[in-house]
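Have a look at the structure below before the remarks.
We did not get these values from a lab; they are worked out from the coordinates using the rules stated. Keep in mind that this is a model prediction, so the values were computed, not measured. Neighbour counts run over all protein chains shown; Cβ positions are idealised from the backbone, glycine included.
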Amino acid sequence: MQQLRLIGMSSFISLLIWVVADVSMSENEKIKVWISVKAVGIDDMHVEKLTDEDKAFDVSFTGPRSAIASLSQSAPLKVEIPITPRASGVYTLKLDSELAADASRFPDVIIQEVVPPTMEIQVIRDTTVTMDIRVNHESLKYETEPVVEPKEVSVKISELDLAKIPEESRFIKFDADEHLRTAERGKMLEKVVPLRPVVADFPAQLDPEYVTLRARLREDLREETLPAVPIRIEASMDIFNTFNVEVRDAGAILTQTITIKAPIEVIERIHAKEDKVYGVISIGADDKTNADEFRFVTPKFSFPPGVTLVGEPELIELRLVSRKNEKPATPPESP
């Protein structure tokens with residue numbers, strides 16, 4: 001029994017000696033650590049590393065063999081350093097003290113050296129200001145000048161960027177032409193369009209991000225002379241069965257040369273025979289009074305949408321001749 005106690009005591013002492021030896025035997029090892037930064041404690045601040053993002057730091061640790069082995073097995077290590085609120089600017093972080101600031105990161109070990117020993121960061125604070133929206137247009141012609149609603153927006157922008165922008169350039173540029181190049185001419189337009197989140201080439205957050213654009217584009221019209229536009233006569237079958245229509249110039253073809261004003265694309269369609277242009281003379285029951293007398297009538301022309309007549313059409317002189325006055329046809333002679 002005594003012998004068993006001696007064996008147990010001996011095992012306990014051996015274990016104690018091993019533990020003490022492990023604690024007392026320190027090792028020094030260099031381990032790769034990826035270090036990043038993060039803004040904390042405030043929403044209008046963000047942080048950027050000025051040190052090469054793809055470069056890991058060599059950190060020399062000293063501590064018990066088991067602790068060092070545990071770190072080595074987890075390499076490369078990743079650490080995020082919190083950056084508390086501060087003014088905009090460039091700061092140099094002393095990495096050994098920054099890494100040691102939180103004891104829970106590397107328990108049971110001591111940071112001896114960090115290579116490189118420092119990291120430069122840029123703290124960027126945002127500020128919110130109100131800016132006007134300035135509407136610009138250069139290439140398109142407007143009948144009603146373009147306007148936007150609202151006329152100003154809230155702008156969240158870096159303090160550093162804002163400081164670089166002269167007072168006279170602190171506005172939101174809005175190019176109306178960009179949104180209306182394919183819009184219909186001559187019609188009042190209203191559309192919701194996005195703003196570019198930029199102030200003098202610096203990025204910004206805008207509130208609201210969209211505005212309502214209102215404008216009327218001036219029609220791009222051209223005058224064009226159309227020769228030999230056909231004119232047709234319209235009347236009821238009763239009139240056609242009772243009267244002949246006689247034009248003063250019996251040998252003339254019932255056409256007329258006219259000048260129109262229209263958008264260029266409409267004129268091109270007319271020349272391509274895709275859109276029709278013609279004149280009409282309408283004869284009604286009232287025209288049967290004094291039917292045998294010549295009188296002047298004005299043809300009315302039918303145009304595609306967007307076309308107007310330049311000047312007045314020529315008058316046409318005609319009369320209705322009763323079919324009763326026609327000479328009967330001579331019957332053919334009998335053989």
Folded to 0 to 90 degrees: helix 2-24 orientation relative to the chain principal axis, Cα: 50 degrees
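So for the stretch 154-216, what are the equivalent ellipsoid semi-axes in whole Å, largest first, each being the square root of 5 times an eigenvalue of the Cα gyration tensor?
On the way: eigenvalues 164, 26, 14 Å².
Semi-axes, largest first: 29, 11, 8 Å.
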Mind counting lysine pairs for me in the stretch 126-217? Cα separation below 30 Å, and the two need to be 8 or more apart along the chain or on different chains. 14
Picking from Asp161, Asp287, Asp177, which is most flexible by a Gaussian network model of the chain using Cα springs under 10 Å? Asp287
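Return the calculated 222 nm mean residue ellipticity for the chain, to the nearest 500 deg cm²/dmol, obtained by summing -39500 (n - 2.57) across DSSP H runs with n ≥ 4 and dividing by the residue count.
Values: 7 runs with 64 residues, N = 335.
Counting only the DSSP helices, I get -5500 deg cm²/dmol.
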Nearest 5 percent is fine: what portion of the DSSP beta bridges confined to the stretch 26-116 is antiparallel? 65 percent
Taking the alpha-carbon set of the stretch 74-227, what are its Rg and Dmax in Å? 26.5, 101
7 Å from Cα along Cα→Cβ at both Ser169 and Glu27: what's the point-to-point distance in nm? 5.8 nm
For the stretch 122-152 and the stretch 215-286, distance of Cα centres in Å: 48 Å
Among (1) 67, 47, 33; (2) 167, 60, 28; (3) 76, 65, 38, the entry derived from the coordinates for Cα extents along the principal axes in Å: (2)
